[in-house]
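One structure below.
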């Protein structure tokens, strides 16, 4: 396991070689996890050819010691307090500690920082405290993380299996009179009993509520003729899954069928257009054009998809403005939708792995229910 | 309802009067919720004596229209796309739209911004785009939000009732062999069936896992003699609750009893010291000193508590470095804890309302189980 993380750090530094960067300080905890295996560091310090150093809130010190696969852990406390005999805690400010560590490692040159994650006040403190040249390396980390390794794909596939078990359970609950909350509860129970947690707020939307792409489950009871959108994801070993299915209570009307089939066709067209080297914006366009032919593109009010990994939304982005290019090893969602005010909506979402010349659809739950 | 929000906006502007601020732009969605009733705005624009304007992601437009109690909603899309007949969407950049709206309202003077929430890149764009003097008004909003109104207290009390029902359910599950995940699942089921959701990641920690203050529920089975920490909170109508109890499986050992009683005494001492006008750091000190008398203060590795409201952690902060003063109407947690590596931990957490001359303990779940 340790080897995996060491290799990732080597890859990062080789990406950064041209910029002549001596050390990297990461403040996005997901970036920290990617290089160390622990998910709550306030700063992760990477120095070429050395073990990472994780700065964690004092209360996370013991958990960090247990869960960190590769790296040395130091707790941080902003105030004077008695410290336990088994703790290694620095009392003071995070950036002073980071500065000390960089000095201990003899770092004199440029320091890379994942600037995109920083709040304006933190950034000011960092710039003031680190008496070194700082450069933004967000893009290098984002691009590394966007290409999934075999180990990462294994975790993602596991997260998908749990999500699909939850979708199966949900689909078996869809009797008239059940509430959105009851279905959400069943879904999250399946996650817990499979050693997973949700990777985002579970969406269960009945009837007119299915017109809200990010609906929150409420006490709405299922009625005959309702469209039903269920969007769920499990998180396991740190990795997320994300799948949406649209069901119907009873027999679908002609209008419902028309919308459903248009969305399904849009998704199929988009998936068929995916291959390594393809522009993400073009994949979005494939779906949008299909919906346009059905007179429904004005009701597709969001982007087509997004990368999934340690974060539920990560690089690349699939929408009309995206500058991203799809590459082998990326895992993305493909999720066209159509939403009609006071009526409901249809969204169908699958996860795919981009490969040379095409893609592998990772989710396998059936899409058709009527 | 609309009146409540209008009054809050008036209060904010009267707080800001000395600074001569003409308009306020909020990017923390909780701040937006506080003044409008909607929880996902990317920018909430407040102009003195006018209705707020909410800028929301296009996909949230319909939900925002439904849920916003006070304010006008505009969707934002960063890319060209066909727009539905019932939508009001601006295609372009958020800060250009905000700038246009401020101009429409004739705002020429200073604009207040909740700077603490802004990421460094967003802040740069904002400064570049808004051709107006900008000033940080985070503190004014934080201090307004820290004093709870009657309506807010009603929501918090409701969130506490749901949390305590979940704690009751959890306490009834604590049979040997049950796993942390199973208990967490039962807790979250109670939330859902009471029209609530969790307000933070539920903590259920058995035995040695109770040494991690922020443990994640796993497949650890409950064993005779285990200390059990359960830390849970419900969220309803946007408001959070937060309560922790420590149980034991079977008969408590002398050592367990000693730790438990010390933590209980620390909590009691701290709660008894609370009154309007008291320094938050002194309340923390009351708890820490009590634990010191028991030789346990080195194992209390976090602050004593925090404000609770729309966010699970908000102002004020109760720790040794806090500069906050407790005031009537604040709702805070009091949660001393002792954590021993490879052994377990004890934390007892209640929510209290600060009043003149004392405090009202809002949580009522019994603290003693052996």
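Which of the residues spanning segment B:14-35 are closer than 23 Å to residue B:91 by Cβ and away from every other protein chain (no Cβ under 13 Å)?
Residues of segment B:14-35 closer than 23 Å to residue B:91 by Cβ: B:25-27, B:29, B:32.
Result: B:25, B:26, B:32.
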Count of residues meeting criterion [facing another protein chain (nearest Cβ under 9 Å) and more than 20 Å from the chain's Cα centre (by Cα)] in segment A:214-229: 3
Where residue B:321 falls short, out of the listed (1) more than 11 Å from chain A (Cβ to nearest Cβ); (2) surrounded by fewer than 24 Cβ atoms within 10 Å (Cβ to Cβ): (1)
Filtered residues of segment B:51-63 (kept if closer than 13 Å to residue A:301 by Cα and more than 9 Å from every other protein chain (Cβ to nearest Cβ)): B:56
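In segment A:64-82, how many are within 11 Å of another protein chain (Cβ to nearest Cβ), over 23 Å from residue A:11 (Cα atoms) and touching a residue at least 24 places away in the same chain (Cβ under 8 Å)?
Selection size over segment A:64-82: 1.
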Elements of type helices (runs of 4 or more DSSP H) in segment B:111-213, at least 1 residues being at the interface with chain A (Cβ under 10 Å from one of its Cβ atoms) and either within 30 Å of residue B:95 (Cα to Cα) or free of Cβ contacts under 8 Å to residues at least 60 places away in the same chain (or both): B:120-129, B:138-146, B:180-193
Yes/no for residue B:281 being more than 15 Å from the chain's Cα centre (by Cα), free of Cβ contacts under 8 Å to residues at least 12 places away in the same chain and either not assigned by TED's automatic domain parsing to the domain that holds residue B:258 or not in a loop (DSSP other than H, G, I, E, B) (or both): no
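Are any of the residues in segment A:251-259 assigned to a helix (DSSP H, G or I), over 22 Å from residue B:236 (Cβ atoms) and within 11 Å of another protein chain (Cβ to nearest Cβ)? Don't jump to the end; show me each part of the working.
To start, the set of residues in segment A:251-259 that are assigned to a helix (DSSP H, G or I) comprises A:254-259.
Restricting the remaining residues to those that are over 22 Å from residue B:236 (Cβ atoms) gives A:254-259.
Imposing the further condition that a residue be within 11 Å of another protein chain (Cβ to nearest Cβ) reduces the set to none.
No.
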Pick from segment B:36-50, criterion modelled with pLDDT of 95 or more and assigned to a loop (DSSP other than H, G, I, E, B), ranking: nearest to residue B:93 (Cα to Cα): B:42
Qualifying positions in segment B:56-77 - touching a strand residue (DSSP E or B) at 6+ places or on another chain (Cβ under 8 Å) and surrounded by fewer than 18 Cβ atoms within 10 Å (Cβ to Cβ): B:72
Extreme residue, nearest to the chain's Cα centre (by Cα), among residues of segment B:290-318 that are within 11 Å of chain A (Cβ to nearest Cβ) and not in a loop (DSSP other than H, G, I, E, B): B:317
Subset of segment A:26-45 [buried (at least 24 other Cβ atoms within 10 Å of the Cβ), in contact with a helix residue (DSSP H, G or I) (Cβ under 7 Å, 6 or more places away or on another chain) and within 16 Å of residue A:111 (Cβ to Cβ)]: A:26, A:31, A:35, A:44, A:45
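The values are calculated or read from the model by the stated rules, or taken from the named source; none is laboratory data. Here the structure is a predicted model, which means the values were calculated and not measured. Cβ: placed from backbone, ideal geometry, glycine included. Neighbour counts: every protein chain shown.
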